[in-house]
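A short write-up of the structure that comes next.
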Amino acid sequence: MRMQLATWPEVETYLRTSVGVILPIGSTEQHGPTGFVGTDALTAEMIAIEVGAKIDAMVAPTISVGMAQHHLGFPGSMTLRPSTLICVIQDMINSLAHHGFERFFFLNGHGGNVATLTAAFAEVYAESSFGTAASNRPSLRCILRNWYMGEKVRKISKEAFGDDEGSHATASEVALTYFGFPNDADRVARVPLDPARAPTGTIYDADDYRRQFPDGRIGSNPGLATEALGKQLFEASVEELCEDYCKFIETA
Ligand SMILES: [Zn+2]
């Protein structure tokens, strides 16, 4: 059930049988000439909604802007500083905990969010450890799962794309969005990529990124992305994350 499409009595009823919630988190940043700016938020959200529907789990609103300072050299990219994003995550968790949610399953679509999410979880746990959380607050548990890290998902992308998967604007994430948003895919998928596979390297700030990777991709050839492969990746990820979520909500 999507929280945004639920009424408050429905959320209250849900809490009588479950204290678990899925929180999709992504980013708003360039994904090369053939990938959507919203890729990381769209992928996390579409998978989260399907997982929620399959196993009757509540899905919170998506955090669509993440930590992406290094992408600011490209129009459309937005970022929250790590310190801001930590506050956003912490406040969302505390809001939901206030109503009785205790198990927070963050379904992530952006590698750049991982360090900040981990720090935010530590801030939440520190409130309990220092005794600064409300005395009646139950033990909260937070977990992070990246949709693209599951065993089955990685197997599909390895077989389909090999070294053309890359590390930014990957063939897999672009394929997933082409499956989710085929009409918009028709428009952008025809844009030529030169070179077919983008270069790789280390990145620092936004200017450095744009200089080294002028079209925005790193190491990838999203020209291989198709709607059919996106469907396979979607189904594999949903299956793996349903299992992960069910295990997680049993956590003591
Ligand atoms: Zn991405």
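The values are calculated or read from the model by the stated rules, or taken from the named source; none is laboratory data. All values derive from a computational prediction rather than experimental measurement. Note: ideal-geometry Cβ built from the backbone for every residue, glycine included; neighbour counts use all protein chains shown.
Below are the figures for this structure:
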| item | result |
| --- | --- |
| Answer from MET67, MET78 - the residue that is surrounded by 17 or more Cβ atoms within 10 Å (Cβ to Cβ), within 16 Å of the ligand (Cβ to nearest atom) and not polar (S, T, N, Q) | MET67 |
| Checklist (1) among the hydroxyl-bearing types (Ser, Thr, Tyr); (2) more than 10 Å from the ligand (Cβ to nearest atom); (3) under 18 Å from the mean Cα position of the chain (by Cα) applied to THR39, failing item | (2) |
| Of all residues in the range 108-125 being of a type in the set (Gly, Ala, Ser) and away from the ligand (no atom under 16 Å from the Cβ), the one that is surrounded by the most Cβ atoms within 10 Å (Cβ to Cβ) | ALA120 |
| Test: PHE105 is among the hydrophobic types (A, V, I, L, M, F, W, C), in a loop (DSSP other than H, G, I, E, B) and either crowded, with 23+ Cβ neighbours inside 10 Å or modelled with pLDDT of 95 or more (or both) | no |
| Among the candidates GLU50, GLU102, residue that is within 30 Å of THR34 (Cα to Cα), touching a residue at least 60 places away in the same chain (Cβ under 8 Å) and away from the ligand (no atom under 16 Å from the Cβ) | GLU50 |
| Unique match (being modelled with pLDDT of 95 or more, farther than 23 Å from ILE249 by Cα and β-branched (Val, Ile, Thr)) among THR34, THR116 | THR34 |
| Index of the failed condition, ILE143 passing every other in (1) within 16 Å of the ligand (Cβ to nearest atom); (2) assigned to a strand (DSSP E or B) | (1) |
| Only listed residue being at pLDDT 95 or above, surrounded by fewer than 22 Cβ atoms within 10 Å (Cβ to Cβ), within 16 Å of the ligand (Cβ to nearest atom) and farther than 21 Å from TRP147 by Cβ, chosen from ASP194, ASP215, ASP207 | ASP215 |
| Residue count, the range 126-137 (criterion: surrounded by 15 or more Cβ atoms within 10 Å (Cβ to Cβ) and outside any loop (DSSP other than H, G, I, E, B)) | 1 |
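Here's the yes/no breakdown for (1) more than 16 Å from the ligand (Cβ to nearest atom); (2) in a loop (DSSP other than H, G, I, E, B); (3) within 23 Å of ALA122 (Cβ to Cβ):
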{"position": "GLY35", "(1), (2), (3)": "no, yes, no"}
{"position": "MET46", "(1), (2), (3)": "no, no, no"}
{"position": "PHE74", "(1), (2), (3)": "no, yes, no"}
{"position": "SER83", "(1), (2), (3)": "yes, no, yes"}
{"position": "ILE93", "(1), (2), (3)": "yes, no, yes"}
{"position": "ALA97", "(1), (2), (3)": "yes, no, yes"}
